[in-house]
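Notes for the one structure printed next.
The values are calculated or read from the model by the stated rules, or taken from the named source; none is laboratory data. Given the structure is predicted, the values throughout are model-derived calculations rather than measurements. Here the Cβ positions follow ideal geometry from the backbone for every residue, glycine too, while neighbour counts run over all protein chains shown.
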Amino acid sequence: MQIRKATINDAEQIISFKKKTIPICAKNYYSKDIIDHWTNNSTAEHLIESIKSDRVRFVAEEEGKIIGEASLNKEKNSIKTLYVDIDFQGKGIGKALFQKCEDELKKNGIKKVEIIAALCSESFYASRGYKKIKNKLIDFFGMKMENVIMEKEL
Ligand SMILES: CC(C)(COP(=O)(O)OP(=O)(O)OC[C@H]1O[C@@H](n2cnc3c(N)ncnc32)[C@H](O)[C@@H]1OP(=O)(O)O)[C@@H](O)C(=O)NCCC(=O)NCCS
């Protein structure tokens, strides 16, 4: 498995594993309406826009297959997304991608990281030392979605 910067050519593969993974990971945390809205708005077009913008995005790749992705925003001191393909979870890939993001932020002199976490990933971030600050309803493509604000000093 290697971790590298994402390119726009990765977008279709990232979206394909996210659409498979989100409904399974989120089913005990969000309503069907929210999960449908989340997957329907996870599109290659949105992702390509984001890859072209100032967000830094990494992918985990194994034998040419994209099996994880993570992104961060240096200006906002935040890690924005982290997903591992449901068929490859539990093998250390999430941890490696997350470490890569924290290392990138550290390299840029950032001392405190903020994450707006989906409820389904809160326990993972807690296991990485992040403290819950508060719950927050965020606007996700026109629908309110409950998230958790978490922080850690690097
Ligand atoms: C959270 C997620 C990224 C973890 O990825 P993963 O590759 O399965 O995790 P890893 O195998 O690297 O696990 C690393 C460590 O975290 C722990 N861990 C993994 N998932 C966890 C969870 N949900 N809660 C608590 N701990 C967790 C593992 O036990 C392991 O612990 P260790 O370091 O003591 O061995 C993955 O489950 C996922 O993609 N979930 C859906 C993500 C999502 O909803 N994202 C939306 C927000 S942007």
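Suppose the filter is out of contact with any Cys (no Cβ under 8 Å at 6 or more places or on another chain) and more than 15 Å from the ligand (Cβ to nearest atom); does GLU122 pass it? Lay out the reasoning, then the answer.
On the way: out of contact with any Cys (no Cβ under 8 Å at 6 or more places or on another chain): yes; more than 15 Å from the ligand (Cβ to nearest atom): no.
Here the answer is no, as GLU122 does not meet what is asked.
Answer yes or no as to whether LYS19 is surrounded by fewer than 17 Cβ atoms within 10 Å (Cβ to Cβ) and assigned to a loop (DSSP other than H, G, I, E, B).
When the stated conditions are applied, LYS19 does not pass them.
Read through the list (1) touching a residue at least 60 places away in the same chain (Cβ under 8 Å); (2) under 23 Å from VAL148 (Cα atoms); (3) not small (Gly, Ala, Ser), then give the number of the only condition that PHE17 fails.
Checking PHE17 against (1) touching a residue at least 60 places away in the same chain (Cβ under 8 Å); (2) under 23 Å from VAL148 (Cα atoms); (3) not small (Gly, Ala, Ser), the one that fails is (2).
So which residues in segment 75-91 are more than 8 Å from the ligand (Cβ to nearest atom) and in a strand (DSSP E or B), if there are any at all?
Once the filter is applied, which keeps residues that are more than 8 Å from the ligand (Cβ to nearest atom) and in a strand (DSSP E or B), segment 75-91 yields SER78, ILE79.
Which members of segment 22-40 meet the condition of being free of Cβ contacts under 8 Å to residues at least 12 places away in the same chain and not in a helix (DSSP H, G or I)?
Listed by number, the residues that qualify are LYS27, SER31.
What is the residue count in segment 52-66 for residues that are of a type in the set (D, E, K, R) and either more than 15 Å from the ligand (Cβ to nearest atom) or in a helix (DSSP H, G or I) (or both)?
Number of matching residues: 3.
Against the conditions (1) charged (D, E, K, R); (2) modelled with pLDDT under 95; (3) assigned to a helix (DSSP H, G or I); (4) closer than 21 Å to GLU122 by Cα, where does GLU49 fall short? Just the number, please.
Tallying (1) charged (D, E, K, R); (2) modelled with pLDDT under 95; (3) assigned to a helix (DSSP H, G or I); (4) closer than 21 Å to GLU122 by Cα, GLU49 fails exactly one: (4).
Among residues belonging to segment 24-43 that are within 19 Å of PHE141 (Cα to Cα) and within 15 Å of the chain's Cα centre (by Cα), point out the one that is nearest to the ligand (Cβ to nearest atom).
Taking the candidates together, the pick is ALA26.
Can you name every residue in segment 92-118 that is assigned to a helix (DSSP H, G or I), surrounded by fewer than 16 Cβ atoms within 10 Å (Cβ to Cβ) and either in contact (Cβ under 8 Å) with a residue 24 or more places away in the chain or within 8 Å of the ligand (Cβ to nearest atom) (or both)?
Matches in segment 92-118: LYS95, LYS106.
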